[in-house]
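Peer 1: Dropping the structure in here first, questions after.
The values are calculated or read from the model by the stated rules, or taken from the named source; none is laboratory data. Just so we're clear, the structure is a prediction, and the values are computed from it rather than from any experiment. In this analysis, Cβ positions are derived from the backbone assuming ideal geometry, glycine residues included, and neighbour counts consider all displayed protein chains.
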Amino acid sequence: MESLVFLPPDMPAHIAWMLIAFSFVTSLITAAIGIGGGYILLGVMANILAPAALIPVHGAIQLGSSSGRAFMLFKHVDKSVLGPFLAGGVVGASLGGLLFVQIPPWSVQLGIGLFIMWTVVGKLPDLTGKRLFGTAIVASFLSIFLGSTANIIAAVVKTLNLSPQAHVGTHAVLMATQHTFKLFIFGFLGFAYGPYIPFLAAMILVGLAGTFTGKQVLVRAGNYYFRPVLNAILFILAARLIWIGAEGLIQSGF
């Protein structure tokens, strides 16, 4: 078992199989709810992979997962948001690559947490058009440092008041775009994806099966559970980010 060809460097077989199983479960969660699976997988992988490999490898897996959701739900996607997001994503990811420095984590966590909480308990303006361009710049910039900004994108897409399938499909296309930019940036910065390719292929294929399963749940029952569950998850994520950010602010002596 230890000689399986898809194993990355220094990864035992049982750990690889565990991550592949998590890929199915987390892809199912994201396809059914629109958010959450990527963060669970990121948390698990953070305890296994070397820090230098975590964000680019996780990004490659999420690109496969997001692309699968986008393909399965593409006819429902709100295509009016794609142009501004693509343009803003190029700018944001490029800036992130140029300014790949240590940002105080508490400031990012606190800011994102407050923003997401606002989208849940308040009412944001329409974030399409030029405003979406600016949002894409910020989200793609932060993704270089944080690994995933799915919560920001989910909060933005939420303001469009789409149907469950349209929300998940639109969110998937935007996330796939963001992960693509991120992979190019880390490749340019010198990360070697080669040793991970067979493992990534296994993760993505199993993730697609989870995505297909989650889509069936979304289609059958999405209108009943989608909006309250999405709001609950965003609220919990926001509260956690605000708490961690506030702790970091206090500890920094700012």
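Peer 1: Show the residue pairs that are 6+ apart or on different chains and have beta-carbon atoms under 9 Å apart, the first residue being within region 199-221 and surrounded by 15 or more Cβ atoms within 10 Å (Cβ to Cβ), the second being of a type in the set (D, E, K, R) and at pLDDT below 90.
Peer 2: Correct list of pairs: T211/R69; G214/R69; K215/R69.
Peer 1: For residues that are at pLDDT 85 or above and part of a loop (DSSP other than H, G, I, E, B), scanning just region 35-87, find the one that is farthest from G210 (Cα to Cα).
Peer 2: D78
Peer 1: Give region 153-212 a look and list any residue that's of a type outside the set (S, T, N, Q), closer than 30 Å to A238 by Cβ and not in a helix (DSSP H, G or I), or say none.
Peer 2: Of everything in region 153-212, those that are of a type outside the set (S, T, N, Q), closer than 30 Å to A238 by Cβ and not in a helix (DSSP H, G or I) turn out to be L160, L162.
Peer 1: Which members of region 151-169 meet the condition of being more than 13 Å from T135 (Cβ to Cβ) and more than 13 Å from the chain's Cα centre (by Cα)? Before you say what the answer is, go through the steps one by one.
Peer 2: From region 151-169, those more than 13 Å from T135 (Cβ to Cβ) are 161-169; that's our starting set.
The answer is N161, L162, S163, P164, Q165, A166, H167, G169.
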